[in-house]
Amino acid sequence: PADRLRAALDALLDGLPERSTAAAVERLIHHYRGRTPTDAPILRDRADAAAYAAYRMPATFGAVSAALRALAARTPGWAPASHLDVGGGTGAAVWAADAVWPGGRPVTVLDWAGPALDLGRELSRGPGAPPALRASEWRRARLAPGLDLPAAELVTVSYVLGELTAETRDAVVDAVARTAGRVAVFVEPGTPEGFARIRRVRERLTGAGMTLLAPCPHDGECPIVPGADWCHFAARIGRSALHRRIKGGELGHEDEKYSWAAAARPPLPAGASPAPVRIVRRPRVRKGLVLLDLCTRDDGLRERTVTRRDREAYRAARRATWGDAAESPPGAGDAAPDTDG
């Protein structure tokens, strides 16, 4: 699926003037790294939308795909019958959803930036586009208090809350909580600010009666101390030749850090349950042991040491990666959590 999206982007953006696109990318980078919400669309014209697609769409696709795969692992046997992508822009999240749950379904992408919607619609009708996108609806709407959303089984909101004022963020989250037929998924950059927004999302979704499915193992208060640390994960993203030229990079990949939350409205999908334990940092492999930083259902943040003496747990810990769910806490040796960020 990532290769299919890359090919579609390369075909659509072929002949793009790289100097002007690189300048547009620099402007977008400056904005996305800033901390002042505009409460207005960032993508002003087709050049901006093309620059965004070349610069950000592969990373957004990768992060949302990773989040949705983790969600799918917590909801075996369930697939969304319909999908609404709020603030979806060029449609990375609907490509990601099709990669996790292939097949046709009604899809609506809602955004307030007309140029992004136009480009996303072109991608969805182009070569290699999945069937779910070919009949998708691309609808322009202002993200503001009073937002009225169409119902859908799956609602995604990715990389858009940072563009909004605090009041509008809350209004969008509340609208999603009212609308989501089954599951809502929010994804933000894996920065302290992005995690703070996800933390607020988490509080409002549970306050609206939804149940957290991932990545959190519980619905209780987040154990991370604000300002001391933040919860985030990483997805490895392959870079195309166009991507490398636009971003001025040489490596064939990059790591996209993201924070996210997924919640479901009761009754939960059949077989759905939160992970009892989540690995929240890259496992640290030492001679004869592995150190795991865990978020647990009942004991908050814990550091767990898995030694070679427990062969099965040790093998599992060595294979584990950042963000994995651990069905039962492996090993022993609890210690105070590491909070170095």
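The values are calculated or read from the model by the stated rules, or taken from the named source; none is laboratory data. Bear in mind the structure is a predicted one, so any value in this text is a computation, not a measurement. Ideal geometry is used to build each Cβ from the backbone, glycine not excepted, and the neighbour counts take in all protein chains shown. Protein only, heavy atoms only, side chains kept; ligands, DNA and RNA dropped before computing areas. Shrake-Rupley method; radii C 1.70, N 1.55, O 1.52, S 1.80 Å.
When Glu303 is tested against (1) in contact with an Asp or Glu (Cβ under 8 Å, 6 or more places away or on another chain); (2) crowded, with 19+ Cβ neighbours inside 10 Å; (3) modelled with pLDDT of 85 or more, exactly one condition is not met: (2). Look at Ala67 and say whether it is open to solvent by less than 30 Å² (accessible area, probe 1.4 Å), at pLDDT 95 or above and in the same structural domain as Asp3 (by the TED database). For Ala67, the condition - open to solvent by less than 30 Å² (accessible area, probe 1.4 Å), at pLDDT 95 or above and in the same structural domain as Asp3 (by the TED database) - is met.
For beta carbons closer than 8 Å, sequence separation of 6+ or different chains, a first residue in segment 247-275 that is more than 30 Å from Ala53 (Cβ to Cβ) and surrounded by 21 or more Cβ atoms within 10 Å (Cβ to Cβ) and a second that is modelled with pLDDT under 80 and not small (Gly, Ala, Ser), the qualifying pairs are Ala275/Glu327. Among the residues of segment 317-331, just one is farther than 20 Å from Leu213 by Cβ, within 29 Å of the chain's Cα centre (by Cα) and at pLDDT below 90, namely Pro330. Within segment 96-121, the residues that satisfy the criterion of being buried (at least 17 other Cβ atoms within 10 Å of the Cβ) and within 20 Å of Asp48 (Cβ to Cβ) are Val109, Leu110, Asp111, Trp112, Ala113, Pro115, Ala116, Leu117, Leu119, Gly120, Arg121. For segment 191-217, a residue qualifies if it is open to solvent by 10 Å² or more (accessible area, probe 1.4 Å) and either within 18 Å of Thr108 (Cβ to Cβ) or not in a helix (DSSP H, G or I) (or both), and the qualifying residues are Thr191, Ala208, Gly209, Thr211, Cys216.
All conditions in (1) out of contact with any Lys or Arg (no Cβ under 6 Å at 6 or more places or on another chain); (2) crowded, with 23+ Cβ neighbours inside 10 Å hold for Leu161, with the sole exception of (1).
Report whether or not Glu167 is in the same structural domain as Ala97 (by the TED database), free of Cβ contacts under 8 Å to residues at least 24 places away in the same chain, open to solvent by 10 Å² or more (accessible area, probe 1.4 Å) and part of a helix (DSSP H, G or I). Answer is yes for this residue. Determine whether segment 72-93 contains at least one residue that is part of a helix (DSSP H, G or I), modelled with pLDDT under 95 and not small (Gly, Ala, Ser). Yes, segment 72-93 contains a residue that is part of a helix (DSSP H, G or I), modelled with pLDDT under 95 and not small (Gly, Ala, Ser).
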